[in-house]
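Here's the structure, in structure tokens; my notes come after.
The values are calculated or read from the model by the stated rules, or taken from the named source; none is laboratory data. These numbers come from a predicted model, not from an experiment. Counting neighbours? That spans all protein chains shown, and the Cβs are built from the backbone with ideal geometry, glycine included.
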Amino acid sequence: MNDQMLLTVFGVAIVVAPALLMAVLGIASLIGHPLSERAIGRTTQSAILIGLFSALACLGVLLSQGMSQYSIELGQWVAIQDYHFSVVFILDMLSLPFVILSFLLCGTVGSFAKVYMHRESGFNRFFVFYAMFVLGMTITSVAGTIETLFCGWELVGLSSALLVAFYFERPEPVRNGLRVWSIYRVSDAALLLASLVMHHLTGEGDFHKLLGDGPWPLGAAVLTEHQALVVGLLLLVAVAGKSALIPFSGWLPRAMEGPTPSSAVFYGALSVHLGAFMLLRVSTILDQSIALRIAVVVIGLLSAIYAAFVGRVQTDIKSALSFASLTQVGIITAEIGFGLRYLALIHIIGHGCLRTLQFVRAPSLLLDYRILENAIGANLPRQPIWWQRFLGTAHRRWFYRLALDRGFFDVILADWVARPFLRLFRRLDTWERRWFQLLDGDEHPSSETDDISSVSLEELI
């Protein structure tokens with residue numbers, strides 16, 4: 001068996017292992033005979049180990065043969081004149097480190113979740129969503145076309161929203177899950193529009209057709225400066241929604257409603273870095289437009305400053321850690337805008353490992369703090385921040401209120417973005433219903449068709 005055959009077998013196994021895990025857990029749940037906790041744990045561990053071993057084997061073969069990348073083409077699924085939709089997996093120095101990180105952290109969190117979720121009524125449901133997330137991360141990591149990446153992107157978003165609403169017996173998790181899903185819809189729409197523009201420009205969604213044939217991070221995009229700016233801005237909106245960059249940062253603390261294991265692997269380690277990973281994948285587009293690079297740097301730095309500012313007033317440890325993650329993601333985004341691609345990749349790997357450890361340590365850390373404070377008979381001392389000396393009481397209160405309300409981004413998005421769209425679509429719905437009533441011969445359309453207008457914005461998002 002030659003090296004190319006080995007790379008093909010192991011490369012396909014990277015995706016097949018989590019796909020089989022999701023199929024086994026999902027089918028067992030659908031037929032009403034979910035696996036036992038022990039069986040779920042062993043099946044999950046086996047799938048993660050197979051995927052991790054396959055990714056390490058691919059990386060070893062590439063390094064031993066001096067290869068920079070290898071593509072696995074699974075054929076064209078759709079071919080319409082000049083437009084082609086194909087499934088391609090690419091193994092290179094970007095996808096393999098990220099997929100290895102995904103398997104390592106998902107395996108760590110999976111082992112933690114077996115104990116953390118023990119005897120939880122939704123134990124099986126949690127691991128079904130967890131398997132969906134692992135599959136989405138692996139597909140996104142090794143995707144060689146924009147369509148393949150979009151499939152993995154959707155799986156990650158769907159599993160994220162479902163796990164935020166995991167405790168569905170309470171209204172707040174469900175409401176926050178819908179809020180997360182609504183922001184993801186904006187992000188997904190931007191990515192879909194970018195995909196359509198790419199197909200219009202090149203006729204297909206293969207990254208090598210758009211980004212050049214050179215291995216990452218080499219190559220030169222085939223787009224003009226104007227085309228790169230349009231595609232890049234659409235991708236930047238998708239990245240901002242997925243990674244909670246401003247102005248979409250308001251959903252991040254709401255996502256902490258989910259179980260701690262999902263918070264660790266989603267918003268501390270992997271999902272929150274997915275936007276930065278996609279920027280690294282399309283980084284050659286950034287080289288074509290200085291305006292696009294400036295936009296990436298500005299959004300990254302503003303998100304980092306915003307998260308550091310808001311994170312100081314959080315009263316629960318998970319929200320504080322999530323904003324700490326956003327601070328680093330903002331810095332990583334700025335690094336990509338500055339062209340420091342290897343530094344950004346190393347930063348993602350190191351930060352993901354650190355934040356996973358902090359999230360899984362958080363529940364026991366609170367207990368340790370409580371024991372320590374009981375032992376000394378007082379709260380632990382806190383050092384004052386240096387800039388507090390230069391602000392009066394009134395200014396400190398104003399900044400505290402601003403940070404506590406997260407910069408009022410939620411209110412701004414609700415009043416100036418979501419509400420106008422809802423009003424427009426409600427009006428269109430009313431006109432459509434009245435028009436069909438007239439076509440049906442009803443000369444006096446009923447006003448009951450306006451019932452949707454009575455639904456409040458807070459109930460919809």
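Just one of 155, 163, 210 is surrounded by 20 or more Cβ atoms within 10 Å (Cβ to Cβ), without any contact (Cβ under 8 Å) to a residue 40 or more places away in the chain and touching a helix residue (DSSP H, G or I) at 6+ places or on another chain (Cβ under 7 Å); which is it? Break it down into steps so the answer makes sense when it comes.
Details: 163 fails: without any contact (Cβ under 8 Å) to a residue 40 or more places away in the chain; 210 fails: without any contact (Cβ under 8 Å) to a residue 40 or more places away in the chain.
The conditions single out 155.
Go over the candidates 102, 86, 95, 54 one by one and state the one that is of a type outside the set (Phe, Trp, Tyr), farther than 28 Å from residue 198 by Cα and either assigned by TED's automatic domain parsing to the domain that holds residue 215 or surrounded by fewer than 21 Cβ atoms within 10 Å (Cβ to Cβ) (or both). Give the steps one after another, and end with the answer.
Details: 102 fails: farther than 28 Å from residue 198 by Cα; 86 fails: farther than 28 Å from residue 198 by Cα; 95 fails: farther than 28 Å from residue 198 by Cα.
One residue alone meets the criteria, 54.
Might you check whether a residue that is among the polar types (S, T, N, Q), more than 29 Å from residue 62 (Cβ to Cβ), more than 23 Å from the chain's Cα centre (by Cα) and outside any helix (DSSP H, G or I) occurs anywhere in segment 210-228? Write out each step before concluding.
Here is the first cut: in segment 210-228, the residues among the polar types (S, T, N, Q) are 224, 227.
Narrowing the set further to residues that are more than 29 Å from residue 62 (Cβ to Cβ) leaves 224, 227.
After this cut, where a residue has to be more than 23 Å from the chain's Cα centre (by Cα) as well, the list is 224, 227.
Adding the requirement that they be outside any helix (DSSP H, G or I) leaves 224.
Scanning segment 210-228, I find at least one residue that is among the polar types (S, T, N, Q), more than 29 Å from residue 62 (Cβ to Cβ), more than 23 Å from the chain's Cα centre (by Cα) and outside any helix (DSSP H, G or I), so the answer is yes.
Rundown of residues vs (1) outside the structural domain of residue 94 (by TED's automatic domain parsing); (2) small (Gly, Ala, Ser); (3) not in a loop (DSSP other than H, G, I, E, B), yes/no style:
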site: 108; (1), (2), (3): no, no, yes
site: 111; (1), (2), (3): no, yes, yes
site: 119; (1), (2), (3): no, no, no
site: 126; (1), (2), (3): no, no, yes
site: 130; (1), (2), (3): no, no, yes
site: 151; (1), (2), (3): no, no, yes
site: 154; (1), (2), (3): no, no, yes
site: 181; (1), (2), (3): no, no, yes
site: 186; (1), (2), (3): no, no, yes
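Consider residue 5 carefully, then state whether it is in contact (Cβ under 8 Å) with a residue 12 or more places away in the chain and farther than 30 Å from residue 117 by Cα.
no
From the list 349, 336, exactly one residue is in a helix (DSSP H, G or I) and over 17 Å from the mean Cα position of the chain (by Cα). Which is it?
Details: 349 fails: over 17 Å from the mean Cα position of the chain (by Cα).
On inspection, the qualifying residue turns out to be 336.
Please verify whether residue 383 is loosely packed, with under 12 Cβ neighbours inside 10 Å and either modelled with pLDDT of 70 or more or over 22 Å from residue 179 (Cβ atoms) (or both), treating the condition exactly as stated.
Numbers: loosely packed, with under 12 Cβ neighbours inside 10 Å: yes; either modelled with pLDDT of 70 or more or over 22 Å from residue 179 (Cβ atoms) (or both): yes.
So residue 383 fits the description; yes.
Report, by residue number, each residue of segment 414-461 that is modelled with pLDDT under 80 and either β-branched (Val, Ile, Thr) or at positive phi (or both).
Result: 417, 441, 449, 452, 455, 461.
Please count how many residues of segment 221-236 are charged (D, E, K, R) and either within 11 Å of residue 296 (Cα to Cα) or not assigned by TED's automatic domain parsing to the domain that holds residue 206 (or both). Before the answer, list the steps.
Restricting attention to segment 221-236, the residues satisfying the condition of being charged (D, E, K, R) are 225.
From the residues that got through so far, the ones that are either within 11 Å of residue 296 (Cα to Cα) or not assigned by TED's automatic domain parsing to the domain that holds residue 206 (or both) too are none.
So the answer is 0.
Quickly run through segment 347-377 and pick out the residues that are touching a residue at least 24 places away in the same chain (Cβ under 8 Å) and of a type outside the set (A, V, I, L, M).
Restricting attention to segment 347-377, the residues satisfying the condition of being touching a residue at least 24 places away in the same chain (Cβ under 8 Å) are 348-349, 351-353, 355-356, 358-360, 362-363, 365-366.
Within segment 347-377, 351, 352, 353, 355, 356, 358, 359, 363 meet the criteria.
Tell me yes or no: at least one residue of segment 124-131 is more than 30 Å from residue 3 (Cα to Cα), of a type in the set (S, T, N, Q) and at pLDDT 85 or above.
So far as segment 124-131 goes, yes, one or more of its residues are more than 30 Å from residue 3 (Cα to Cα), of a type in the set (S, T, N, Q) and at pLDDT 85 or above.
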